[in-house]
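The structure appears below as structure tokens.
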Amino acid sequence: RKEVEQDPGPFNVPEGATVAFNCTYSNSASQSFFWYRQDCRKEPKLLMSVYSSGNEDGRFTAQLNRASQYISLLIRDSKLSDSATYLCVVTDFNKFYFGSGTKLNVKP
Amino acid sequence: DAGVIQSPRHEVTEMGQEVTLRCKPISGHNSLFWYRQTMMRGLELLIYFNNNVPIDDSGMPEDRFSAKMPNASFSTLKIQPSEPRDSAVYFCASSGGGAYGYTFGSGTRLTVV
């Protein structure tokens, strides 16, 4: 079983739509959680950390559900520039586990 | 801050040749990671170092791969001899601790023909 599982997508949505991604993890002792964004032929870049109480950064909202062992990312009012692959990351001490990524295509 | 610096950006080599990839982590980061990314397998952790010491190399595919970190500001990943199936993008990343996330370098795109 993989440490982190994500729906690979792609999610094809129109501009302005709200889209949500989920990610499940297997280790209940996991400590820190992140969402990364990766553009085509580029390196992954940190989008936001995920805190137990949930957190928001502009149009992006991240949530953590420890009981069910999943994290989510909600993107509101999606823009063309949001098109990318979104990877969830879970850490266990100093080791990072990446999901395989969810591809988002925002269309005009 | 210059970020994580990798070189070369692109490498094309013939099967059987030795390939050396280089990485300079962010100053002050005590953990360094080497990843490989392909369309088929996604991001795979090859090895990581903490305070210059290799902690987990279970992701290194076989003996043809080796990695070193002689000091806090430099690491190499070597493939000898290279094979076409090693073609991938190799990323180096560094971290100041698990709570702070990773910073990735721009990657080395390796093509073995």
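The values are calculated or read from the model by the stated rules, or taken from the named source; none is laboratory data. Just so it is clear, the structure is predicted and the values come from calculations on it, not from any experiment. Positions of Cβ are generated from backbone atoms using ideal geometry, with glycine treated the same way; all protein chains shown enter the neighbour counts. Quick note on the areas: whole protein, heavy atoms, side chains included, nothing else; ligands and nucleic acids left out. Shrake-Rupley method; radii C 1.70, N 1.55, O 1.52, S 1.80 Å.
Output the residues belonging to the stretch A:96-108 that are buried (at least 17 other Cβ atoms within 10 Å of the Cβ) and either hydrophobic (A, V, I, L, M, F, W, C) or over 11 Å from the mean Cα position of the chain (by Cα) (or both).
Correct list: A:PHE96, A:TYR97, A:PHE98, A:LEU104, A:VAL106.
Of all residues being farther than 30 Å from A:PRO8 by Cβ and assigned to a loop (DSSP other than H, G, I, E, B) in the stretch B:41-86, which is most open to solvent (accessible area, probe 1.4 Å)? Just the residue, please.
So, considering only residues that are farther than 30 Å from A:PRO8 by Cβ and assigned to a loop (DSSP other than H, G, I, E, B), the one most open to solvent (accessible area, probe 1.4 Å) is B:ASP63.
Tell me, which strands (runs of 3 or more DSSP E) wholly within the stretch A:37-108 include 3 or more residues that are within 14 Å of A:TYR25 (Cβ to Cβ)? Don't jump to the end; show me each part of the working.
Numbers: elements: A:45-50, A:55-57, A:60-65, A:70-75, A:84-92, A:95-98, A:102-107.
In the stretch A:37-108, A:60-65, A:70-75, A:84-92, A:95-98 are the strands (runs of 3 or more DSSP E) which contain 3 or more residues that are within 14 Å of A:TYR25 (Cβ to Cβ).
Mind checking which residues of the stretch A:70-94 are open to solvent by 40 Å² or more (accessible area, probe 1.4 Å) and either over 15 Å from A:THR18 (Cα atoms) or touching a His at 6+ places or on another chain (Cβ under 9 Å) (or both)?
Passing the criteria: A:TYR70, A:PHE93.
Report every pair of residues separated by at least 6 positions or lying on different chains whose Cβ atoms are under 7 Å apart, first residue within the stretch B:89-104 and touching a residue at least 60 places away in the same chain (Cβ under 8 Å), second assigned to a strand (DSSP E or B) and of a type in the set (Val, Ile, Thr).
B:TYR90/B:THR108; B:ALA93/B:THR103; B:SER94/B:THR103
Scan the stretch B:5-39 for residues that are open to solvent by less than 70 Å² (accessible area, probe 1.4 Å), over 16 Å from B:SER66 (Cβ atoms) and among the hydrophobic types (A, V, I, L, M, F, W, C) and report the count.
Final tally of qualifying residues: 1.
Condition first: touching a Lys or Arg at 6+ places or on another chain (Cβ under 9 Å) and either modelled with pLDDT under 95 or within 13 Å of chain B (Cβ to nearest Cβ) (or both). Can you find one or more residues in the stretch A:53-67 that meet it?
No - not one qualifying residue is present in the stretch A:53-67.
Before we move on, is B:ILE26 in a loop (DSSP other than H, G, I, E, B), under 22 Å from A:PHE98 (Cβ atoms), over 12 Å from the mean Cα position of the chain (by Cα) and among the β-branched types (Val, Ile, Thr)? Reasoning before the result, please.
Details: in a loop (DSSP other than H, G, I, E, B): yes; under 22 Å from A:PHE98 (Cβ atoms): yes; over 12 Å from the mean Cα position of the chain (by Cα): yes; among the β-branched types (Val, Ile, Thr): yes.
Yes.
Among the numbered conditions (1) in a strand (DSSP E or B); (2) open to solvent by 20 Å² or more (accessible area, probe 1.4 Å); (3) in contact (Cβ under 8 Å) with a residue 40 or more places away in the chain, tell me where A:ALA29 comes up short.
(1)
Going by the conditions given, is B:VAL89 among the β-branched types (Val, Ile, Thr) and either surrounded by fewer than 14 Cβ atoms within 10 Å (Cβ to Cβ) or away from chain A (no Cβ under 12 Å) (or both)? Break it down into steps so the answer makes sense when it comes.
Working: among the β-branched types (Val, Ile, Thr): yes; either surrounded by fewer than 14 Cβ atoms within 10 Å (Cβ to Cβ) or away from chain A (no Cβ under 12 Å) (or both): no.
Judged against the criteria, B:VAL89 is not a match.
Which condition number does A:ARG59 fail, the rest of (1) touching a residue at least 24 places away in the same chain (Cβ under 8 Å); (2) of a type outside the set (Val, Ile, Thr); (3) at negative phi being met?
(1)
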